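Okay, so here's the structure we're looking at.
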Amino acid sequence: ENILVETRAGTGEGALSYGWITLNRPKALNALNDALMDELGAALRAFDADDGIACIVVTGSEKAFAAGADISMMSTFDYAQAYRGNLISRNWDTLREVRKPVIAAVAGFALGGGCELAMTCDLIIAADSAKFGQPEIKLGIIPGAGGTQRLPRSVGKSKAMDLALTARMMDAAEAERSGLVSRVVPAAELQAEADKAAQAMCGFSLIALMAAKESVNRAYEAPLTEGLLFERRAFHALFATDDQKEGMQAFLQKRAPKFTHR
Ligand code: CAA
């Protein structure tokens, strides 16, 4: 009801497919209510469990990726309801638990929980129309789904403070300059660019993709020495896969690899 879900085929022999999830509450600028988050969580879990899927794209509309948590849903909450219900926990952790790469393709507003949702994905591809912000301060609250934690890790303290304390929005160019997004494209090309990134992943070894994601994420959780050790162990482990043999043999034989994801 609140999202559209499709499976898109990867091109190329033996390529895996990818999941495409469109947030679809246009009248509320894709505000994230419980029903939407439940549907999103279920779709993500299903794609993650599907052996035929390499990665997942999450996107919104031209006007809004998502304008935040649904204000009408929580406007009457008191402390007990927020605390007991663990407000904003609902299916947010699901995204963190997905082991396959998740691409956020963002056009228009990505505010509050919308910005936090994009940041919880593994990489953000932005349309030149994208606007990012953590305007919760205007509502008498603060970000509650990672905005005060993930944003400074991406853009540094000063800019994160600027966005959280003044509620100003950051355009796509500034978001790219400050490292929040990986690439910016004209709005009309956003879908094609996200397709291209997903297609590239569909041609690789799923095991290597998952290991790369897991290892990059360690950089946010562990001190450098631990992170480097984790990376080294994961790197060594990949030599136990058929895909490593195939990838290297294919290179040496100057042919395209046929990964079996084993
Ligand atoms: N929750 C519920 N409804 C929302 C919404 C939200 N976060 N954002 C927009 N909408 C609704 C509006 O109420 C409006 O509905 P009606 O047509 O029924 O009046 C509809 O979407 C269109 O919005 P606008 O008329 O406001 O559109 P605009 O183009 O004039 O402005 C906007 C766009 C600047 C994004 C503005 O809608 C806005 O400021 N939205 C709220 C942004 C916000 O504060 N987000 C943070 C939410 S709190 C949060 O996310 C907590 C957390 O950390 C998880």
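State whether one or more residues within region 225-233 are part of a loop (DSSP other than H, G, I, E, B), without any contact (Cβ under 8 Å) to a residue 40 or more places away in the chain and on the phi < 0 side of the Ramachandran plot. For region 225-233, residues part of a loop (DSSP other than H, G, I, E, B), without any contact (Cβ under 8 Å) to a residue 40 or more places away in the chain and on the phi < 0 side of the Ramachandran plot: absent. Test GLY147 against the criterion of being in contact with a helix residue (DSSP H, G or I) (Cβ under 9 Å, 6 or more places away or on another chain) and either open to solvent by less than 10 Å² (accessible area, probe 1.4 Å) or of a type in the set (Ser, Thr, Tyr) (or both), and give yes or no. For GLY147, the condition - in contact with a helix residue (DSSP H, G or I) (Cβ under 9 Å, 6 or more places away or on another chain) and either open to solvent by less than 10 Å² (accessible area, probe 1.4 Å) or of a type in the set (Ser, Thr, Tyr) (or both) - is met. Counted as qualifying within region 150-212 are the helices (runs of 4 or more DSSP H) with 2 or more residues that are at pLDDT 95 or above and under 16 Å from the mean Cα position of the chain (by Cα), namely 172-177, 190-202. Residues in region 216-262 that are within 24 Å of the chain's Cα centre (by Cα) and under 20 Å from ILE53 (Cα atoms): HIS261 only.
LEU44 passes every criterion in (1) surrounded by 15 or more Cβ atoms within 10 Å (Cβ to Cβ); (2) part of a loop (DSSP other than H, G, I, E, B); (3) not basic (Lys, Arg) apart from (2). Do we find a residue being within 12 Å of the ligand (Cβ to nearest atom) and either of a type in the set (Phe, Trp, Tyr) or under 14 Å from ASN30 (Cβ atoms) (or both) anywhere in region 140-163? No, every residue in region 140-163 fails to be within 12 Å of the ligand (Cβ to nearest atom) and either of a type in the set (Phe, Trp, Tyr) or under 14 Å from ASN30 (Cβ atoms) (or both).
Among residues of region 103-133 being touching a Ser or Thr at 6+ places or on another chain (Cβ under 8 Å) and part of a loop (DSSP other than H, G, I, E, B), the one that is farthest from the ligand (Cβ to nearest atom) is ALA107.
Is it true that ALA198 is in contact with a Cys (Cβ under 6 Å, 6 or more places away or on another chain), of a type in the set (A, V, I, L, M) and either open to solvent by less than 10 Å² (accessible area, probe 1.4 Å) or within 16 Å of the ligand (Cβ to nearest atom) (or both)? Taking the combined requirement at face value, the residue satisfies it. Restricting attention to region 54-91, report how many residues are closer than 20 Å to PRO143 by Cβ, open to solvent by less than 10 Å² (accessible area, probe 1.4 Å) and in a strand (DSSP E or B). Adding up the residues that qualify gives 4. Among the conditions (1) open to solvent by less than 20 Å² (accessible area, probe 1.4 Å); (2) hydrophobic (A, V, I, L, M, F, W, C); (3) more than 16 Å from the ligand (Cβ to nearest atom), ALA172 misses just one, which is (3).
The values are calculated or read from the model by the stated rules, or taken from the named source; none is laboratory data. The shown structure was predicted, so the numbers you read here are calculated from the model rather than taken from an experiment. All Cβ positions, glycine included, derive from the backbone under ideal geometry; neighbour counts span all protein chains shown. To get the accessible areas, we keep the full protein, side chains included, count just its heavy atoms, and leave off ligands, DNA and RNA. Shrake-Rupley method; radii C 1.70, N 1.55, O 1.52, S 1.80 Å.
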